[in-house]
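No value in this document is a laboratory result; all are computed from the given coordinates. None of these values were measured; they are calculated from a predicted model. Don't worry about glycine lacking a Cβ; one is built from the backbone with ideal geometry, like all the others, and counts go over all protein chains shown.
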Amino acid sequence: MKHWRIEDIAWDRFDPAAVDPAIVPLVKAAAMVERNGEDYALYLGGVFRDDPDFRQAADHWAVEEVQHGEALAKWAELADPGWDFAAGFRRYRAGYEIKVDARASIRGSRTGELIARCMVETGTSSYYTALGEATSEPVLKQVCKLIAADEYRHFKLFYDHMRRYLLRERLGMATRLRIALGRIGESEDDELAYAYHCGNEPESKEFQHARCTAAYMGRAMAFYRYHHIERGTGMILKTVGLPPRGTLSGVMTGVAWRLLRWRQHRYEQQLAAG
Ligand SMILES: [Fe+2]
Ligand SMILES: [Fe+2]
């Protein structure tokens, strides 16, 4: 069922000399969030309880997300042999909980839930593409390429189901846009920041949202190039029902690109200030 397996990766090609130390903390944090995918499937199972087709697709999707976490964790343990994924992941699970027993989407509708899922997959698909292009370490390059391809398929999966629900629920453009932008804004919530903390900071250090967000986002944003933002913007526009290419897309990409650079700079300043 899966498009690839952990064993397909050429782990023996790992080149420690090519590891960029700025990427390692990001991979550690991402490994935790991805590995936690099963809980999202439980949540989606509750929200879509009378839709067996979607539930089956969501269960399969979660298996792929968990594998992303396992592959990233394995790479991070090669890059930093002293790092213990299992211990960090236990901390993460203990401190960050997803509400798995919801009976309705926190987005207000099933269409809304699927729009939010599309935004997450847009983000991950762009992110792993950017990391894969930035790294010269051959194993991480391969891992990121495989994951990015999965994330794009996930986007298409949620997009197709979203279109199906849209026919029934008929959410207006403004609502769809609000949900999409709202979910993008949540990338600065605790999920990633706390994963960064558990993956990179000792248990004795107190978790601080602002510090961990700056540490994670400041580093992560540095890897994006214009064409990643261009592609991501197209996926966002497509999700809310606007043309993914053309004048609007060009303007939005320009705005998103400047916003990204501005925020990256702010996070870097925050980091430098300690
Ligand atoms: Fe993933
Ligand atoms: Fe995904």
Q) So, in the chain, how many Lys pairs have Cα atoms under 16 Å apart, if the pair is 8 or more places apart or on different chains? A) 7
Q.
Beyond 17 Å, how much of the Cα-Cα pair distribution for the stretch 128-274 remains, as a whole percent?
A. 70
Q. Quick one: helix 138-169 against the long Cα principal axis of the chain, what's the angle to the nearest 10°, folded into 0 to 90?
A. 20
Q: List the equivalent ellipsoid semi-axes of the stretch 1-146 in whole Å, largest first, each obtained as the square root of 5λ for an eigenvalue λ of the Cα gyration tensor.
A: 30, 16, 14
Q. Regarding the stretch 143-197, what whole-number volume in Å³ per residue does the convex hull of its Cα atoms give?
A. 96
(Q) With an 8 Å Cα cut-off and a minimum separation of 6 or more residues, compute the relative contact order for the chain in percent. (A) 23
Q: Figure the gain on full extension for Ala104 and Arg245 (residue separation times 0.36 nm, minus the Cα-Cα span) and round it to one decimal in nm.
A: 47.4 nm
Q.
What is the ratio of the Cα radius of gyration of the stretch 58-207 to 2.2 N^0.38 Å, with N the residue count, to two decimals?
A. 1.16
Q: With everything on Cα atoms, drop me the angle between helix 190-200 and the longest principal axis of the chain, reported from 0 to 90° to the nearest 10.
A: 20
(Q) Quick check on the stretch 1-61: take the gyration tensor over C-alpha atoms, sort the square-rooted eigenvalues as a ≥ b ≥ c, and tell me if it's rounded (a/c under 1.5), prolate or oblate. (A) oblate
Q: Please work out the FRET efficiency for the pair His265 and His60, using the Cβ-Cβ distance as r and a Förster radius of 41 Å; give the result to the nearest 0.05.
A: 0.55
(Q) Residues of the stretch 54-70 with the amide nitrogen closer than 20 Å to a label point 7 Å from the Cα of Glu38, along Cα-to-Cβ, please. (A) 55-70
Q. Expressed as an acute angle from 0 to 90° and rounded to the nearest 10, what is the orientation of the C-alpha long axis of helix 209-221 relative to the principal long axis of the chain?
A. 90
Q: Could you check the simple spin-label distance between Arg168 and Ala17, using points 7 Å along Cα→Cβ, in nm with one decimal?
A: 5.8
Q) Between Glu97 and Ser204, what FRET efficiency comes out of the Förster formula 1/(1 + (r/R0)^6) with R0 = 22 Å and r the beta carbon distance, rounded to 0.05? A) 0.50
Q. Given the Cα atoms of the chain, and with Rh set as the inverse mean 1/r over their pairs in the Kirkwood sense, what is Rg to Rh to two decimals?
A. 0.95
Q) Pulled fully out, how much extra length does the chain show between Glu70 and Ala86, if you take 0.36 nm times their separation in residues and subtract their Cα-Cα distance? A) 4.7 nm
**Q.** Volume per residue of the C-alpha convex hull in the stretch 102-187, rounded to whole Å³
**A.** 98
Q) Got a sec? Charge dipole of the chain, +1 on Cβ for Lys and Arg, -1 for Asp and Glu; which of His209, Ala17, Leu140 is way out at the positive end? A) His209
Q | Angstrom value of the Kirkwood radius, inverse mean 1/r, which spans all Cα pairs in the stretch 61-147 | A | 15.2
